[in-house]
Amino acid sequence: MGLIVMADAINRAKSTDGDKIREALVATDMPARPPFMPWKAREVDDMGQNNDADPVLLQYRGKFVTIFPPQAAVAEATWPMK
């Protein structure tokens, strides 16, 4: 997800200059597109944070599976882990 946002910012900055990329990141306002992350939007604030981001928890079971949030979960959490 971070790579997609960064690539978009670099494309909009039309430069690899750090200050121009940061300006583009601060101006980021992209609608969320499943299946990447279950977020409402990707909008970066002045401190570089996406305040619309929700946590996503994965559990390794020979492969990573999403266990939280419920709307994105593909499996129930297994506790305790083996």
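Amide H contacts under 5 Å for ASP52: GLU43, restricted to partners 5 or more places along the chain or on a different chain, H placed in the peptide plane at 1.01 Å from N. Amide H to amide H, with H built 1.01 Å from N, LEU58 comes under 5 Å of ILE67, counting only residues 5 or more places away or on other chains.
Just so you know, all these numbers are worked out from the coordinates, no wet-lab data involved. Since the structure is predicted, the reported quantities are computational estimates derived from the model, not experimental observations.
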